[in-house]
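The numbers here are math on the coordinates, done by the rules we state, and not lab data. Bear in mind that the values here come from a model prediction, so they are computed numbers and not experimental data. Please note: Cβ atoms are built from the backbone with ideal geometry, for glycine as well, and neighbour counts cover all protein chains shown.
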Amino acid sequence: MSQSPSLKHKIVVTRNLGPDVMPILEGRTEIDLVVWPEDRACDREWLLRNATGAAALVIMVSDKIDAEVLDAAGPGLRAVSTMSVGYEHVDVQELAKRSIALGYTPDVLTEAVADVCIMLALMAGRNAKQTSALVNEGNWPQFSWAPFLFCGPQLSAPSPSRQRTAGFIGFGRIAKATLARLVPFGFTRCVYGANPHSTRQGSNDDSDKELADRLGLTSVRRVDLDTVASESDVVFVLAPGGPSTYHVVNEEFLRKREEWVCW
């Protein structure tokens, strides 16, 4: 016996999720699937119009979910799920007020973003943008070579005796994965500044010691941001965006230490 269309759950998806996922959704007879049809960020007007009567919204980081969207969806909305690690684009307080569940993908990009962090660190330290532009624009053969041309601060320790300190603003999964990748470059210490509202207390936390022992580091310490700025050879910013972290790295921060690179 076929299911009545009125009993189907309307699911709105704001981007095609690819050949591994879409057939699974399209094959579910109990849902009424509505998918943004274009290969670009979903138009807000389309989302507002199609959210009406939805039981769930599957969104991307480019989709702002606020009271306007939730009002448009109506009281039947039970869940909002974002294909992203961050969820700053979702008004979580509005969701809580309406008892709407929030889903996100905290682990899906950890290793990939950590790889990109190291790539950007190497590119910034070695002035890759400028050198690549010379090659791409065909100017390299005519460029005047010099022994220290485009040399920047190297990521690896210049000598085994030189200890290197990695600094982090934000110390979640991605930061820890990035730290692990820095060990072969000669980094022996880590300092990090975390959310001041975190329940973790002090720099002698057992998990910090366990992480240091596992990676073969001399220390992993939670410190204030001034210490991150003054002690680090390189700083990675891996904290959520928004007003609480706006301009957390500013001129004053950068002047705490004369020679280091920040990503």
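Remarks
- For region 110-262, share of DSSP beta bridges that run antiparallel, in % to the nearest 5: 0 percent
- Cα long-axis angle, helix 206-215 against the chain (0 to 90 degrees, to the nearest 10): 70 degrees
- The angle between the Cα long axis of helix 110-125 and the longest principal axis of the Cα atoms of the chain comes to about 40 degrees, rounded to the nearest 10.
- Residue 113-residue 145 FRET efficiency (beta carbon distance; Förster radius 25 Å; 0.05 resolution): 0.10
- A DSSP coil position with no more than 14 other Cβ atoms inside 10 Å describes the following GluC sites (Glu not before Pro) in region 11-76: 30, 38.
- This ranking places 148, 187 by how few other beta-carbon atoms lie within 10 Å of each, fewest first, which gives 148, 187.
- Cα Rg, Dmax (largest Cα-Cα span) when computed across region 44-193, Å: 22.9, 68
- Using the empirical formula 2.2 N^0.38 Å as the baseline, the Cα radius of gyration of the chain reaches a ratio of 1.30.
- With neighbour counts taken as other beta-carbon atoms within 10 Å, the residues 77, 47, 109, 254 rank, fewest first, as 254, 109, 47, 77.
- Neighbours of residue 56, meaning other residues whose beta-carbon lies under 13 angstrom from its beta-carbon, give a summed charge of +2 when Lys and Arg score +1 and Asp and Glu score -1.
- Using C-alpha pairs under 8 Å with a sequence gap of at least 6, the mean separation divided by the residue count of the chain gives a relative contact order of 13 percent.
- A simple spin-label model places the labels of residue 49 and residue 209 6.2 nm from each other, with each point 7 Å out along Cα-to-Cβ.
- At 1.306 mPa s and 10 °C, Stokes diffusion of region 9-103 via Kirkwood alpha-carbon radius, µm² per second: 119 µm²/s
- In the structure shown, the pairs 129/209; 10/97; 10/176; 8/97 are assessed against 28 Å; a Cα-Cα span above that value is assigned to 129/209; 10/176.
- Here the Kirkwood formula, the inverse mean of 1/r across different C-alpha pairs, assigns region 110-262 a hydrodynamic radius of 16.8 Å.
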